[in-house]
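Engineer: Encoded as structure tokens, here's the structure I'll be asking about.
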Amino acid sequence: MADLKLPRINKFIVSGRIGNDIELKYTPKGTPVVRFVLASDRSYKDESDQWQTSTSWIECIAWSRWAEFVANQTHKGSPLIVEGRLETRSWTDQNNQTRKSYEVIVENLHNLEWKPREDGGTASHDSDAPLPSEESAPHSATSDDVPF
């Protein structure tokens with residue numbers, strides 16, 4: 001059997017609303033970082049043909065200029081589209097239990113909240129803000145880098 005060449009794809013795209021207050025923090029090296037949770041709803045019909053809603057709470061981490069963007073241009077309840085990669089983090093808690101979490105490392109954001117401009121037009125929050133590039137985010141964060 002020939003070796004299978006598998007493409008290396010780790011792409012996560014989700015829309016939802018920010019579910020917590022935003023707090024900008026800095027690593028010991030001075031890199032800005034924001035941890036936020038995104039509430040993403042899904043509608044489905046149950047066994048009795050009634051519409052139900054299920055909410056997934058997705059942990060997201062934004063670094064560098066994306067962290068500053070989230071801290072300065074969004075708030076709890078802001079609607080976003082988040083693009084990024086999924087990472088797994090493991091640690092041992094105070095009860096000596098191994099814990100695991102899945103987090104989306106933000107590579108791109110789209111703020112869906114619109115507000116009127118001062119000149120009477122409409123624009124999104126992110127239309128005037130410079131957008132960070134993917135290169136500005138660390139590619140591999142260690143537990144030493146995360147201040148929370």
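Engineer: (1) surrounded by fewer than 17 Cβ atoms within 10 Å (Cβ to Cβ); (2) in contact with a Leu (Cβ under 9 Å, 6 or more places away or on another chain); (3) small (G, A, S): which one isn't true of S43, the others all being true?
Structural biologist: (2)
Engineer: Could you tell me whether D46 is acidic (D, E) and touching a residue at least 40 places away in the same chain (Cβ under 8 Å)?
Structural biologist: When the stated conditions are applied, D46 does not pass them.
Engineer: Could you give me the residue pairs with C-beta distances under 6 Å whose first residue belongs to region 82-100 and is over 23 Å from N10 (Cβ atoms) and without any contact (Cβ under 8 Å) to a residue 24 or more places away in the chain, whose second residue is charged (D, E, K, R) and surrounded by 10 or more Cβ atoms within 10 Å (Cβ to Cβ) wherever it lies, and which are 6+ apart or on separate chains?
Structural biologist: Sorted first by the residue in region 82-100, then by its partner, the pairs are D93/R99.
Engineer: Are any residues in region 29-40 surrounded by 16 or more Cβ atoms within 10 Å (Cβ to Cβ) and more than 25 Å from Y102 (Cβ to Cβ), and if so, which ones?
Structural biologist: Within region 29-40, no residue meets the criteria.
Yes or no, residue by residue, for (1) closer than 21 Å to R85 by Cβ; (2) of a type in the set (A, V, I, L, M, F, W, C):
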{"residue": "N10", "(1), (2)": "yes, no"}
{"residue": "G16", "(1), (2)": "yes, no"}
{"residue": "P32", "(1), (2)": "yes, no"}
{"residue": "R35", "(1), (2)": "yes, no"}
{"residue": "R42", "(1), (2)": "no, no"}
{"residue": "K45", "(1), (2)": "no, no"}
{"residue": "W57", "(1), (2)": "yes, yes"}
{"residue": "C60", "(1), (2)": "yes, yes"}
{"residue": "R65", "(1), (2)": "yes, no"}
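Read the figures in this text as sums done on the coordinates, not as results from a lab. Values in this document were obtained by computation on a predicted structure and should not be read as measured data. For neighbour counting, all protein chains shown are included, and Cβ atoms are generated from backbone atoms with ideal geometry for every residue, glycine included.
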